[in-house]
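Where a number appears in this text, it was derived from the coordinates with a stated rule and is not lab data. As the structure is a computational prediction, the values presented were derived from the model and not from experiment. Cβ placement follows ideal geometry from the backbone for every residue including glycine, while neighbour counts extend to all protein chains displayed.
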Amino acid sequence: MNATRSGCPINLTLELLGDRWSLIVIRDMMFGNRRHFRELLTQSQERIASNILADRLTRLEDAGLVSRREDPTHKQKVLYSLTEASIELVPLLAHMGGWGLRHTPASKELAVRAKILEDGGPALWSDFMAELRHIHLKAPAPKASVFAKLQSAYEAALAKKLTSHAGKTRSNAGAHSAKRPPSKARSRKTNTERSR
């Protein structure tokens, strides 16, 4: 790490995580279980550039927030994992998500996980961290899956949005077809008939 501006813990945390992308990469690994470079690159809502992603993964690894190893299922892939230090960011991300729910125009489907975490509070955060330790650090599996609950809620909200959007599209198409002006062929015929 370069020279710091001060020894304040908030400043030091911001120097480590305060850029535009680091927490997004951690969020995608944490809540999306994205563990490969390609998944992090192509499945991010924010469309991170490949050079920026590579740089952030290197920075996070150097800071001890992400580890990497060869993927045992594919020799040409690298598997990224959260470390204990990044797993301990769950309460911070839960608070950030809760703040965002109250003070930003968050979309319903992307806000659903933040709402569940906010409502669940420290007990749910602790259960989620235990599950992340199982996924990323090979700790014993927890009894229940918070990740599955969060993912299921997200998928249901997304399906509802898509169904609602499809209904609006059909509704708008029906409204437009009712107001459609006559086709040129019908217009010509009408004009010809008028001239007679």
Using a Förster distance of 25 Å, the FRET efficiency for residue 101-residue 63 (Cβ separation, nearest 0.05): 0.35
Pairwise Lys count, region 88-171 - Cα closer than 23 Å, eight or more residues apart or different chains: 12
Orientation-averaged projected area, Cα convex hull of region 61-131 (nm²): 6.4 nm²
Exposure proxy ranking, count of Cβ atoms within 10 Å, fewest first, for 80, 154: 154, 80
Cα radius of gyration and Dmax for region 1-82 (Å): 13.5, 44
Label-point separation in nm, residue 160 to residue 143, each point 7 Å along Cα→Cβ: 2.9 nm
Sequence of 73, 4 once ranked by neighbouring C-beta atoms within 10 Å, starting from the fewest: 73, 4
Whether region 88-171 is rounded, prolate or oblate, judged on the alpha carbon gyration tensor where a/c under 1.5 counts as rounded: oblate
Ordering of 11-17, 84-90, 44-50 by packing [mean C-beta count within 10 Å, highest first]: 84-90, 11-17, 44-50
Label zone at residue 43, where the point sits 7 Å out along the Cα-to-Cβ direction: region 96-125 residues whose backbone N lies under 19 Å: 109-114
